[in-house]
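One structure coming up, written as structure tokens, with questions to follow.
The values are calculated or read from the model by the stated rules, or taken from the named source; none is laboratory data. Predicted, not measured: the structure shown is a model, and the values here were computed from it. As a convention, Cβ positions derive from the backbone with ideal geometry for all residues, glycine included, and neighbour counts pool all protein chains shown.
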Amino acid sequence: MASGISAVRSSGRTDSSDPARQAFLLLRTVFTAAPIAFGLDKFTGLLADWPVYLASWIDGVVPGTAQQAMYGVGVIEIVAGIAVAVMPRFGGWLVAGWLTGIIVNLVTGPGLYDVALRDLGLLAAAVALALLSARYAPARRPDA
């Protein structure tokens, strides 16, 4: 491994000191735990008053109240976190798509541009997770 370009051993296993693998594991852990935690909080409201984050035009499109919409959001976030844990190649893109929707909501609704900008950084990290997953969490072959 003198070149430092690849940290994949001849056996096909990755070297635990590989910075890219460490980044993958960090992103996978965070994008598993955070969506699940935020999803659960949609039901408890301990961290925030979530309905105020919902754009009025979205509230007008979805059935029920803004709080009921947040329950649905919570379920989706929990599922996204589990998807990252189990299938990071798919889950990373799922979280990236979900964050795109959150950004659109924040920019077109409550005008929380600072939160939208933070979520843009999270979106970039979710895309990085999905891309790193191609190497560190390859799709399983059906015959394997």
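In region 121-144, is there at least one residue being in contact with a helix residue (DSSP H, G or I) (Cβ under 9 Å, 6 or more places away or on another chain) and of a type in the set (Asp, Glu)? Outline the logic, then answer.
At the first step, the residues of region 121-144 found to be in contact with a helix residue (DSSP H, G or I) (Cβ under 9 Å, 6 or more places away or on another chain) are 122-139.
In the following step, the residues that additionally are of a type in the set (Asp, Glu) were identified as none.
Checked against the condition, which is being in contact with a helix residue (DSSP H, G or I) (Cβ under 9 Å, 6 or more places away or on another chain) and of a type in the set (Asp, Glu), region 121-144 yields no hits at all.
Then there's this: Mind counting the residues in region 45-93 that are surrounded by 13 or more Cβ atoms within 10 Å (Cβ to Cβ), under 30 Å from ARG135 (Cβ atoms) and hydrophobic (A, V, I, L, M, F, W, C)?
Summing the residues that are surrounded by 13 or more Cβ atoms within 10 Å (Cβ to Cβ), under 30 Å from ARG135 (Cβ atoms) and hydrophobic (A, V, I, L, M, F, W, C) in region 45-93 gives 11.
Here's another thing I want to ask about it. Among the residues of region 5-44 satisfying the criterion of being under 13 Å from the mean Cα position of the chain (by Cα) and either at pLDDT below 95 or of a type in the set (A, V, I, L, M) (or both), which is surrounded by the most Cβ atoms within 10 Å (Cβ to Cβ)?
LEU27
Among (1) surrounded by fewer than 18 Cβ atoms within 10 Å (Cβ to Cβ); (2) in contact with a helix residue (DSSP H, G or I) (Cβ under 7 Å, 6 or more places away or on another chain), which single condition is LEU117 missing?
Unmet condition: (2).
Something else: Pull up region 94-114, narrow it to residues that are small (Gly, Ala, Ser) and over 15 Å from the mean Cα position of the chain (by Cα), then point me to the one that is surrounded by the fewest Cβ atoms within 10 Å (Cβ to Cβ).
From region 94-114, those small (Gly, Ala, Ser) are 96-97, 101, 109, 111; that's our starting set.
With the extra rule that they be over 15 Å from the mean Cα position of the chain (by Cα), the set shrinks to 109, 111.
Details: GLY109: 16, GLY111: 11.
Among them, the one singled out is GLY111.
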